[in-house]
1. Based on the inverse mean of 1/r over its pairs of different Cα atoms, what is the Kirkwood hydrodynamic radius of the range 300-343, in Å?
2. Any idea what % of Cα-Cα pairs in the range 92-168 are farther than 19 Å?
3. Relative contact order for the chain: what percent, with Cα pairs under 8 Å and sequence separation of 6 or more?
4. Distance from a point 7 Å along Cα→Cβ of Arg349 to each backbone N in the range 116-133: keep the residues under 20 Å and list them by number.
5. Size of the range 479-523 along its principal axes in angstrom, Cα-based, largest extent first?
6. Taking a ≥ b ≥ c as the square roots of the Cα gyration tensor eigenvalues, with a/c under 1.5 meaning rounded and otherwise prolate when a/b beats b/c, else oblate, which class fits the range 68-205?
7. Hey, what did the range 370-502 get for relative contact order, percent, Cα under 8 Å, at least 6 apart?
8. State whether the range 283-363 is rounded, prolate or oblate according to the following rule on the C-alpha gyration tensor (a ≥ b ≥ c being the square roots of its eigenvalues): a/c under 1.5 gives rounded; otherwise a/b larger than b/c gives prolate, and the remaining case gives oblate.
Amino acid sequence: MKRFISGTFKGTLTPIRIWAFGFLLLFALNISWESANNLPPSWDMAHHQLMGLQFLETFSSGNLLEGYSGLTNYYPPLYYLNEVLVLLLFGDTQFLPLLSNLFGLFLLSFFTFRTAEKIMPSYAAVSAGLVVLMLPMVAWTSRVSLLDTGLAGWVILAFFLVIKSNCFEHRGYTFLFGLTCAAGTLHKWTFPFFLVFTVFYILAVSGSRKKVLLNLCLAGAAAIPLAATWYWPNAGNLLERIRMTAEAGTQFEQDPGLTSAWGWIYYVRCLSGYYLFLPLTLLSSAALFRLRRDLFKNRPLQLAAVTLAGSVLIMTLLDMKDPRYIMPAAPFLVILLMAGWKDKPAWTRAVIPGLCFFQLISVSYTVPGIPQKIALFEVKNDTSYKGMNYEWVLFETDYFDILGRARNENWRLNELMNYFRDGETVAVIPEHPYFNTSTFNLLAYKWGYSELSLVRLGIDEFSPEQLERADWIVGKSGPQGVDFLTVFNQDVYAHLSEDQWPIRIILSLPDGSKARIWENTDN
């Protein structure tokens, strides 16, 4: 009987099956989170959902191939095409964000696992493939409509193909690498920044440079035309938008530049503070120290370290910065973490995954006794998100009231929408995460209000003529949102009060403020 049981488990508990079970368990946890969470999508999340619905409308009209390059001129279309597939299969479900990210999560987890197998024992590699999904920033963004988890999935798949191609010496796998690069670039235009350093490093150390160059040229010949289907017609608009985003980062968001130490350690600090937290940061530092000799012996491990370092360096040199932007480097960090402890099976199979799972629960649900935030250089009353530029987070349960634990809150948006009619103009004053023009735009589209015009007030210097053009004014008391986007909000409220604009409804909101609608009775 003992031999039978031993043989049975030896046959069934293979690494791939353990990974699949763990992946499904984490997916079920995310489903549970989505079921418990009731928050409207904020800012970019609302925009990405709206774009998915517009792509679906174009697909339903039979014009997707013709309109594919013209529906969006900043974010490439692959994420939205994925949303279309989810909408066709499941409809506009509350699980739309998670299901839209599912393929990217599969790529991220599975190919982190498969890449780690080249470096460490299989069961440690399984842990690596699951740990990467439990990192706080990865878990948070996997549940909302953002592009970052999918981008990370395409990056680690491309890196896996680098390993499989024996550093571009195998033509077939190099060709697949080219197709993956096309897909990754069509997912988000930052894709090349995470692999370009690795490619040049391989070219520099390769003993078969001519063969490698030829194979890369053939891969590029396949990848460039595919990517150009969207980038060529949108190049001008994209470059202008990138310039504007970079300027906004330095002028308004006050991203630290390269003239300060904060600018140089920005992404090191972000990886520690938003992906690892203090315990995993210490374990990762110890792992890197333990790997100091192995880096010169194991080629895949060496390339993982080069890719991590190159990604951090190149992203640091860019003007626009955000903790999410470095997510494609996360699987390489996890691989190095697990590789450093690969000779300690108890650590790779139980201690590190167990710690990550505890952190995952803490940042997903309200756990009694868990502090909301512990950080060095903490910014108090942070209404401009300057904290992400300077705080060194040791632990936190929520990310600037945008991502974090499941919350069941009614922001009364549908009740407010009942006052509007298609063809009217609605001016929205706040730029609050859950109370802003993007969120109202998404809701208006779902209501079928194709002619409803939503405009922002308060972002520019106020003039009474702005109010006269609107049929309704929507505002709220209390927090207005990012301070540099709401500079003139109080001027608008003061004018509404002085001119005694009639208030049609006052509703209580979850943050303790009051939502108000003013009617323009002259229209």
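The values are calculated or read from the model by the stated rules, or taken from the named source; none is laboratory data. The structure presented is a predicted model; accordingly, all values stated were derived computationally and were not measured. With ideal geometry, Cβ positions are generated from the backbone for all residues, glycine too; neighbour counts draw on all protein chains shown. All accessible areas refer to the heavy atoms of the entire protein, side chains included, with ligands and DNA or RNA removed. Shrake-Rupley method; radii C 1.70, N 1.55, O 1.52, S 1.80 Å.
1. One decimal place: 11.1 Å for the Kirkwood radius.
2. 37 percent
3. 16 percent
4. Once the point is set 7 Å along Cα→Cβ of Arg349, 116-132 turn out to lie under 20 Å by backbone N, inside the range 116-133.
5. Cα spread of the range 479-523 along its principal axes, largest to smallest: 32, 23, 17 Å.
6. Since a/c reaches 1.5 but b/c is at least a/b, the shape of the range 68-205 is classed as oblate.
7. 24 percent
8. Judged from the Cα gyration tensor, the range 283-363 comes out oblate (a/c at least 1.5, b/c at or above a/b).
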